Structure formats: structure tokens, C-alpha cells
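The values are calculated or read from the model by the stated rules, or taken from the named source; none is laboratory data. All values reported here derive from a predicted model rather than from experimental measurement. Reconstructed Cβ throughout: ideal geometry from the backbone, glycine too, with neighbour counts over all protein chains shown. Surface areas here come from the heavy atoms of the whole protein model, side chains and all, with no ligands, DNA or RNA. Shrake-Rupley method; radii C 1.70, N 1.55, O 1.52, S 1.80 Å.
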Amino acid sequence: MRAFLLFLSLVAGLFSGFASDAGGDVVRQRYTFAMDTPGGSITGILILAGDGSDVTKGSIINEFGFSAIDFTYNTKKHKVKLLNVIKFLDKWRVRYVLRRDLSAIMQVINGEDAGPSRGYELTSTGDTVVLRNTRRNITYTFAPLL
């Protein structure tokens, strides 16, 4: 059942239009994604699309095919801009933490030298990467989707 939901999310993400621009040289990356907080968790797929410019577009889609978070990441400035956040996460403080955490995640995915700043613990087991925000006790787990 979980595999079916994951497949359904992938199909919905491909047709969502946000991370699937109709360009010639768009590079797409797909990851399984989980965000665990003391109050709950979100699981789904992280889809990234880049066209060689400084901006990478991303979307986190839950297992039911709904877009939870849409964002852009500027690789030069190491900044995330949140474009769309699901209603229960759309609070100014949560958005602030999400911007910082997604920036750290993107730095890890891009293999940037700076890596995540202090306040984060990074562990890796095979292809699975776990990034933990030690201050807020939020754990992000992601692995490439084949």
C-alpha cells in the first residue's frame, strides 16, 4: 500500500507543473522525504528541478499527492524562498525555521563546501541522509528515489 501511495505521489508531482517546467535542459532530482517533529511528521517526495541557472525549484509532495511546500533555492546566496506552504505550516515562525532548514538540506544535496551551519547534525548511511535541527528537534530524512 505504501508503494502505491508513493507511486501516486510521484505521478501527481510530475503533473503538478511546478517542478516540471517544459524546458530542454531541465535536470530533475527525486528524493524520498520525511520531516519528523515532536508534534507530528510529514512524509512524501522531494522533487528538485534546475536548468543550469543559479535557481533550483523544489516541491515537497505528501503521500496523497498534495503539495506541502514549494520553494526556490538560490545557489549563490544559499537562500530559500518559500512560494507555497500548506495551511497548517503557514505560520511566520514555522516559515522562518523551514527556510533555514531547507537551505541546509539544499547545501547537503548540492554537496556545497559550507554544508549546514551550526545547530545541525548530519549523518549518512548509504544513500540515506539524516539532517537534524538540534535546536528545534526536527529531523529530516531523505534518500534518492530510483
- Among the residues of region 114-146, write down those that are assigned to a loop (DSSP other than H, G, I, E, B), touching a helix residue (DSSP H, G or I) at 6+ places or on another chain (Cβ under 7 Å) and hydrophobic (A, V, I, L, M, F, W, C). Ala114
- Message: Here's a check for you: in region 100-113, which residue that is of a type in the set (D, E, K, R) and surrounded by 15 or more Cβ atoms within 10 Å (Cβ to Cβ) is farthest from Thr32 (Cα to Cα)?
- Response: Arg100
- Is region 29-42 home to any residue that is at pLDDT below 85, out of contact with any Lys or Arg (no Cβ under 9 Å at 6 or more places or on another chain) and aromatic (Phe, Trp, Tyr)? no
- Message: Filter region 39-72 down to the residues that are in contact with a strand residue (DSSP E or B) (Cβ under 8 Å, 6 or more places away or on another chain) and outside any strand (DSSP E or B) and list them by number.
- Response: Asp51, Gly52, Asp54, Glu63
- Single unsatisfied condition, Gly58 versus (1) within 23 Å of Asn110 (Cα to Cα); (2) small (Gly, Ala, Ser); (3) open to solvent by 50 Å² or more (accessible area, probe 1.4 Å); (4) at pLDDT 90 or above: (3)
- Message: Can you find a residue that is out of contact with any Pro (no Cβ under 7 Å at 6 or more places or on another chain), open to solvent by 40 Å² or more (accessible area, probe 1.4 Å), free of Cβ contacts under 8 Å to residues at least 60 places away in the same chain and under 25 Å from Arg28 (Cβ atoms) anywhere in region 114-122?
- Response: yes
